[in-house]
């Protein structure tokens with residue numbers, strides 16, 4: 001896809017707010033219109049040469065990647081084959097070199113563990129036995145690569161939020177012996193629940209609020225199993241998102257110890273069943289939550305034992321990250337990264353009706369943006385630093401592709417200047433704002449503010465910091481190894497409809513399409529807002545790859561010490 005020199009000059013300017021795309025803006029993104037066939041979209045787009053924007057093929061790429069032909073882009077599936085080869089073809093066409101040695105593909109060893117869906121959780125207390133059903137009442141799995149994993153008559157212990165955070169003078173496991181027991185844990189963290197700005201980060205979720213942390217801490221404490229109580233607002237998603245995410249094959253990175261260090265059983269239970277569990281133990285659930293908001297909270301037995309047996313099928317496979325490299329000139333050994341995850345949830349033949357999780361917004365949009373940025377940078381001429389375009393796999397399975405890249409980088413981390421991660425590009429039209437996820441984290445936000453101001457827009461804090469989105473996408477794995485990263489979200493202050501309308505659109509997406517088969521591409525999407533944001537990402541990257549500074553994390557950020565050590569070792 002070669003752009004004209006006129007388009008490139010427009011792209012490089014990045015000084016004016018782009019006008020809306022020629023498509024009519026729908027009043028509601030939920031309008032049900034027929035999905036176009038990918039081939040028809042391609043033919044249509046190619047014939048419309050007039051009034052094409054610098055990112056003119058964005059819609060075409062989204063439509064293709066989100067089409068039924070790509071089968072929901074699940075790792076280690078026929079959909080993966082189509083997806084990674086499509087991305088590679090676009091990188092080659094743009095003029096990128098292989099980014100993983102002499103290959104465009106970086107192998108990511110995976111193991112898929114599928115628990116039998118007839119699993120039952122038996123809860124036994126004095127004088128009563130209750131069985132919770134798989135999917136309806138609870139969801140359980142194991143990360144251990146074994147054919148069977150179980151806990152038998154394991155005592156349930158409520159450990160509040162399951163947090164050990166010395167910097168906050170907080171230890172939910174203080175004086176508790178949970179070895180061989182099952183810990184029951186609240187989702188999110190005390191700051192969110194209390195809305196007290198003096199607790200953790202107040203309403204904004206910290207990493208301690210993420211389910212990943214809670215299972216990791218349970219391992220450190222020697223627990224046999226760990227069960228999290230689901231609450232929609234605190235988790236940031238509904239129960240059917242939990243079941244879609246954790247029922248069926250669970251992908252993990254293949255490790256030499258077969259992940260035997262993990263607890264035997266991990267899982268979630270519904271809030272309704274948690275309330276019954278606590279009531280059976282003579283403790284009101286809401287009162288228990290209040291008790292967990294104190295830093296002198298003490299873990300407490302629920303006087304109930306749990307028995308769960310998981311029978312697993314195991315399949316080892318290899319997925320792929322797709323890497324394309326644009327070499328620089330005099331600073332070619334320093335690298336800037338653009339990243340997006342290509343995977344989604346695949347298809348589920350057990351569903352009635354639509355069986356394909358197309359993942360149009362999440363994340364065909366980001367992957368399409370990655371392709372378009374690669375093409376734009378090639379067309380824009382030489383740059384001092386090199387640029388690595390990374391499409392990672394298995395984000396939906398726990399950020400596994402980016403985790404593997406971060407531990408097996410194709411270019412040195414100490415020479416990786418910074419990164420931008422893209423997920424869920426704006427499909428609701430131009431906005432006055434651009435949302436910074438995890439605002440106040442790094443010096444990259446200065447570059448972001450300059451680029452946004454050139455469009456007459458402003459930066460805004462994420463409207464739902466309690467959902468912990470900074471810890472829920474692939475940039476987080478780069479952050480953990482010290483690389484400054486920028487992660488934004490589509491603005492909500494719609495130029496045409498206002499902020500309340502934009503917020504309502506986001507809420508509608510989370511409720512009706514997030515991680516559901518209904519996340520599909522429609523040809524009446526208004527992607528002019530996505531193009532606005534791609535202009536910003538291009539401007540930031542163009543500036544950084546043509547200067548010699550190394551942006552850093554801000555003082556007080558938990559990742560700054562890692563970055564500083566990395567830079568000191570280089571010097």
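Laboratory data are not the source of any read-out in this text; all were calculated from the coordinates shown. Here the structure is a predicted model, which is why all the values come from computation and not from measurement. As a convention, Cβ positions derive from the backbone with ideal geometry for all residues, glycine included, and neighbour counts pool all protein chains shown.
Brief remarks follow.
- Extended-chain gain in nm, criterion 0.36 nm per residue less alpha-carbon gap, residue 303 and residue 126: 62.9 nm
- Take the Cα radius of gyration of the range 110-207 and divide it by 2.2 N^0.38 Å, N being the number of residues; the result is 1.35.
- When both bridge partners sit in the chain, DSSP labels roughly 60% of those beta bridges antiparallel.
- Tensor-based shape of the chain (alpha-carbon gyration tensor, a/c under 1.5 rounded, otherwise prolate or oblate): prolate
- Within the range 113-314, percent of DSSP bridges classed antiparallel, to nearest 5: 65
- The protection proxy used here, the mean number of other Cβ atoms lying within 10 Å of each residue, ranks peptides 423-434, 533-544 as follows, highest first: 423-434, 533-544.
- Compared with the dominant principal axis of the Cα atoms in the chain, helix 271-280 is inclined by about 20°.
- Helix axis angle, 444-453 relative to the chain longest principal axis, alpha carbon, degrees: 50
- Extended-chain gain in nm, criterion 0.36 nm per residue less alpha-carbon gap, residue 284 and residue 255: 6.3 nm
- Stretching residue 107 away from residue 554 to a fully extended chain increases their span by 157.5 nm, per 0.36 nm per residue minus the current alpha-carbon distance.
- Centroid-to-centroid, using Cα positions, the range 252-275 and the range 97-171 are 1 Å apart.
- Per principal axis, descending, Cα span of the range 160-225 in whole Å: 35, 21, 15
- With R₀ fixed at 30 Å, the C-beta to C-beta distance from residue 350 to residue 524 puts the FRET efficiency at about 0.45.
- Relative exposure of 494, 566, judged by other C-beta atoms within 10 Å (fewest first): 566, 494
- Computed from Cα positions, the angle between helix 78-94 and the longest principal axis of the chain comes to roughly 30 degrees.
- Across the range 244-280, the residues whose backbone nitrogen lies under 17 Å from the label position 7 Å along the beta-carbon direction of residue 291 are 274-280.
- Counting every C-alpha pair in the range 55-158, the share spaced more than 23 angstrom apart comes to 56%.
- Packing-based ranking, highest mean first, of 463-472, 379-388 given that Cβ atoms within 10 Å are counted: 463-472, 379-388
- Separation between Cα centres of the range 191-244 and the range 489-553, rounded to whole Å: 26
- Listed peptides 201-212, 408-419 by packing density, highest first (mean Cβ within 10 Å): 201-212, 408-419
- Pairs of Cα atoms in the range 113-314 fall into 10 Å distance bins, from 0 up to the last occupied one, in shares of 9, 38, 38, 15, 1 percent.
- Geometric descriptor of the range 452-521, per residue, is 138 Å³ (volume of the convex hull of the Cα atoms).
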